[in-house]
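Remarks on the structure that follows.
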Amino acid sequence: MRALTLIEARVLGTLMEKARTVPDSYPLSLNALLLGCNQKTGRDPVMGITEAQAQAAIDSLKVESLVFEARSNRVPRFEHNFQRSFSASEPQAVLLGLLMLRGPQTPGELRTNSERWYKFSDIASVEDILAELKARGEDSGAARVVQLPRAAGMREQRWAHLLCGEGPLNSFPRINLGNDAINPEAEPISLGQAERLQQRLQALETQVLQLQGQLAYLQKELGLSQA
């Protein structure tokens with residue numbers, strides 16, 4: 001399977017989600033799919049995909065046999081074909097779908113977020129499936145998931161999907177500068193850039209702690225209260 005674009009991954013992930021969480025409304029019309037792609041909850045990053053962009057993604061995914069148009073007497077409806085195309089088990093597909101929609105997550109977060117999709121018995125079972133996906137990628141030479149460096153202040157390492165390619169890491173944590181949806185055409189950062197940003201963040205946090213210690217010492221020497 002070729003590398004997906006960010007919009008293709010969002011469209012595919014949304015179809016995978018709605019097939020499991022709202023089966024009575026599935027397959028989805030283009031309008032329902034667009035609403036699911038651009039919803040504010042359960043999405044990282046929040047996106048502002050247009051109808052034309054969604055239709056273009058559907059058309060390209062249909063070429064890859066990842067999406068089919070369901071028969072309907074009224075409006076066209078669409079369904080995913082991810083598991084058959086990817087030869088994935090249900091738990092493997094669930095984790096990849098969640099990573100496409102919600103960005104990098106720890107095994108604990110994946111288990112919590114999968115409640116409406118699939119019931120994992122414990123965190124260890126999530127870790128086992130992630131290990132399967134990683135081993136599968138190593139065997140085939142086409143990595144599908146990657147374990148990210150441990151983030152500052154976090155006990156668990158997060159995992160990310162690589163269905164959009166190994167270079168772009170499209171959902172690395174970022175500073176939220178507002179409530180606007182991101183531009184899906186914006187250039188993603190690479191895994192190497194993400195790691196360097198993480199290292200820089202950790203260095204800045206260390207400097208802040210040092211400065212806080214120095215400030216507390218000066219306040220004590222000057223007899224000032226520490227508000």
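Values computed for the structure shown
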{"item": "Condition check for residue 3: in a helix (DSSP H, G or I) and either loosely packed, with under 13 Cβ neighbours inside 10 Å or not β-branched (Val, Ile, Thr) (or both)", "result": "no"}
{"item": "Selection from region 44-54 of residues that are surrounded by 13 or more Cβ atoms within 10 Å (Cβ to Cβ) and either aliphatic (A, V, I, L, M) or over 21 Å from the mean Cα position of the chain (by Cα) (or both)", "result": "46, 47, 49, 54"}
{"item": "Enumeration of residues in region 131-165 that are in contact (Cβ under 8 Å) with a residue 24 or more places away in the chain and under 14 Å from the mean Cα position of the chain (by Cα)", "result": "144, 145, 146, 148, 158, 159, 160, 161, 162, 163, 164, 165"}
{"item": "All positions within region 18-43 that are part of a helix (DSSP H, G or I) and either surrounded by 16 or more Cβ atoms within 10 Å (Cβ to Cβ) or of a type in the set (Lys, Arg) (or both)", "result": "18, 19, 20, 32, 33, 34, 36, 37"}
{"item": "Candidate set: region 84-112, residues that are over 15 Å from the mean Cα position of the chain (by Cα), closer than 30 Å to residue 150 by Cα and of a type outside the set (Gly, Ala, Ser); chosen: the one surrounded by the most Cβ atoms within 10 Å (Cβ to Cβ)", "result": "91"}
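Where a number appears in this text, it was derived from the coordinates with a stated rule and is not lab data. What you are looking at is a predicted structure, and each value in this text was computed from that prediction instead of being measured. Neighbour counts run over all protein chains shown; Cβ positions are idealised from the backbone, glycine included.
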